[in-house]
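One structure below.
The values are calculated or read from the model by the stated rules, or taken from the named source; none is laboratory data. Just so it is clear, the model here is predicted, and its values are computed rather than measured. Here the Cβ positions follow ideal geometry from the backbone for every residue, glycine too, while neighbour counts run over all protein chains shown. The protein model used for the area step is the full one, side chains on, heavy atoms only, and it has no ligands, DNA or RNA in it. Shrake-Rupley method; radii C 1.70, N 1.55, O 1.52, S 1.80 Å.
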Amino acid sequence: VQLQASGGGLVQPGGSLRLSCAASGVVFLDMGWYRQAPGKQRELVATITAGGNINYADSVKGRFAISRDNTKNTVNLQMNSLKPEDTAVYYCNARSIITRVVYWGQGTLVTVSS
């Protein structure tokens, strides 16, 4: 099982980035994104279940949008109106709805700075 994340980078405040994560080796997944800022614990950003139910952290509601493509087993995170406090390593997460095993991607760095 592998989760391959991409799309991080440096962006100015108010800008946008799109993260993508492709899962291989397993299907029927709840998927999501978490992030970890320097010196802080990893926190939930957004999740989307295999059935399409979505949950967002309060801090990103109205700015971020999570989506998935079940045909490609991918999950995306569109991040708009980025703030410096969104700076973190973003991790793709997936959980099999069959086995309940949790998988993590390698992380992709998002830096919001002028």
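Taking segment 90-102 on its own, how many of its residues are closer than 12 Å to V27 by Cβ and among the hydroxyl-bearing types (S, T, Y)?
Within segment 90-102, residues that are closer than 12 Å to V27 by Cβ and among the hydroxyl-bearing types (S, T, Y) number 2.
Tell me which residues, restricted to segment 17-54, are surrounded by 12 or more Cβ atoms within 10 Å (Cβ to Cβ) and part of a loop (DSSP other than H, G, I, E, B).
Within segment 17-54, V26, V27, F28, A37, R42, T49, A50 meet the criteria.
Which pairs turn up if I take residues in segment 75-95 that are more than 20 Å from T49 (Cβ to Cβ) and look for partners that are modelled with pLDDT under 95 and part of a strand (DSSP E or B) with beta carbon separation below 8 Å, at least 6 apart in sequence or on another chain?
Partner pairs satisfying both residue conditions: none exist.
On the basis of being within 10 Å of the chain's Cα centre (by Cα), on the phi < 0 side of the Ramachandran plot, at pLDDT 95 or above and small (G, A, S), does S59 make the cut?
No.
So, L82, is that one farther than 24 Å from G15 by Cα, open to solvent by less than 20 Å² (accessible area, probe 1.4 Å) and not acidic (D, E) or not?
Answer is no for this residue.
Rundown of residues vs (1) in contact with a Phe, Trp or Tyr (Cβ under 8 Å, 6 or more places away or on another chain); (2) not β-branched (V, I, T), yes/no style:
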site: R35; (1), (2): yes, yes
site: T49; (1), (2): no, no
site: L82; (1), (2): no, yes
site: N93; (1), (2): yes, yes
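Which count do you get for residues in segment 95-110 that are open to solvent by less than 40 Å² (accessible area, probe 1.4 Å) and over 10 Å from the mean Cα position of the chain (by Cα)?
Number satisfying all stated conditions: 2.
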